[in-house]
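In what follows, a structure is listed as C-alpha cells, so that the remarks can point back to it.
Readers should treat all values here as calculations from the given coordinates under stated rules, not as data from a laboratory. Everything numeric here is computed off the predicted structure, so don't read it as measured data. Glycine gets a Cβ as well: all are built from the backbone with ideal geometry, and neighbour counts include every protein chain shown.
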Amino acid sequence: MPAATAEDILDLFRRVGALLEGHFRLTSGLHSPGYLQCALVLQHPREAEACGAEIAARVKDLKPQVVLSPAMGGIVIGQEVGRALGVRAIFAERQDGQLMLRRGFSLEPGERVLVVEDVVTTGKSTRETIDVARAAGAIVVGAASIIDRSGGQQTLDVPYHALATVSLPTYQPESCPLCAAGQPVVKPGSRA
Ligand SMILES: [Zn+2]
C-alpha cells in the first residue's frame, strides 16, 4: 500500500463523517468549528487495518515488542498496529480512576513498548499509559496516534508519530466567534 499522506487520512475521516467542519455544539456544551470521532473510522475494519499499517510503517524502526493502549479509544487501533507489526497488543483500563493492566496482561522488565491511541488531545492519557509501562519496568520506545489534535502542544518525553494533525479549538458559547458571526450552531450528525 502506498504511504498515506496526512491529507489522505483527513479525506478518509471526512468521507465517513468522522471529521465534520462547521459550527458544532459538542456533548460538553462547548462550541467548536470541528467535530472529530475516530470510532467512526475504526468501525470499518478495512480502514482500521489501513490506519494500523500506516502507523506501523512509521514506528517499526523503534523495534517495539508490544503495543499498549489506553481503553477504550486506543483498543481498536492498538490491535491493528500490533497486527501490522506482528507483536501482541494489550490495553490498560481504569479501576477507581487509576489506569492499570488487568485481565492478566503483563509487561516484562526491559520489554520495548509502543503506546498507541486513536487521538492525542492534551497527551494526558498517553502520559498515564507511559507511566503504566514504566511502572512495570518496561521501556517505552515511542507513542503514536491516528490524529494529533494537540496543535503540536503535547509534551511527551518519547518519540511521537501521528498520521495527521488537526487543530480544533473549543469555545464557551458566550465567547464563541462563530456565534458572534451569526453562524447557526448544529449538533454533530445533524447536518443543516
Ligand atoms: Zn458557537
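Using just the Cα positions, wrap region 1-70 in a convex hull and report its mean projected area in square nanometres, one decimal place.
Working: hull surface 25.0 nm².
Projected over every direction and averaged, the Cα hull of region 1-70 covers 6.2 nm².
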Could you work out how far helix 124-135 tilts from the main Cα principal axis of the chain, as a 0 to 90 degree angle to the nearest 10?
10
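Using R₀ = 22 Å, calculate the FRET efficiency as 1/(1 + (r/R₀)^6) where r is the Cβ-Cβ separation of V185 and T165; round to 0.05. Can you show the working numbers first?
Numbers: r = 25 Å, r/R0 = 1.14.
The value I calculate is 0.30.
Is there a quick way to get the dipole size of region 56-192? I mean about its Cα centre, with the Cβ of Lys and Arg at +1 and of Asp and Glu at -1; what is the value in debye to the nearest 20? Mind showing how you got there, number by number?
Details: 15 positive and 13 negative charges, 61 e Å.
The calculated dipole for region 56-192 is roughly 300 debye.
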Distribution output for region 77-164: share of Cα-Cα pairs per 5 Å bin in percent, first bin at 0, values 3, 14, 25, 27, 20, 9, 2, 0
What angle, in degrees between 0 and 90 and rounded to the nearest 10, separates the Cα long axis of helix 75-85 from the longest principal axis of the Cα atoms of the chain?
50
Here the cysteines of the chain without any disulfide-compatible Cβ partner under 4.7 Å are C38, C51
Considering the options T155, Q98, S125, tell which one lies farthest towards the positive end of the dipole of the chain, charges being +1 on Lys and Arg and -1 on Asp and Glu at the Cβ, about the Cα centre.
Q98
Taking the Cα centre of region 103-156 as the origin, how large is its charge dipole in debye, to the nearest 20, when only Lys and Arg (+1) and Asp and Glu (-1) carry charge on their Cβ atoms?
80
Rounded to 5, percent antiparallel among DSSP beta bridges of region 71-162:
25
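Find how much the distance from D131 to Q95 grows on full extension, using 0.36 nm per residue of separation minus their present alpha carbon separation; answer in nm with one decimal. Write out the running numbers ahead of the final one.
On the way: separation 36, 0.36 × 36 = 12.96 nm, distance 1.52 nm.
Answer, rounded to one decimal: 11.4 nm.
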Rounded to the nearest 5, what is the percent of antiparallel bridges among the DSSP beta bridges in the chain?
30
Please name whichever of G142, P45, G82 sits farthest to the positive end of the charge dipole of the chain, dipole taken about the Cα centre and charges placed at Cβ: Lys and Arg +1, Asp and Glu -1.
P45
What percent does the relative contact order of region 58-142 come to when contacts are Cα pairs within less than 8 Å and at least six residues apart?
35
Region 145-161 and region 42-104 have their Cα centres apart by a whole-number Å value of 16
Using only Cα atoms, tell me the angle between helix 6-15 and the longest principal axis of the chain; keep it within 0 to 90° and round to the nearest 10.
60
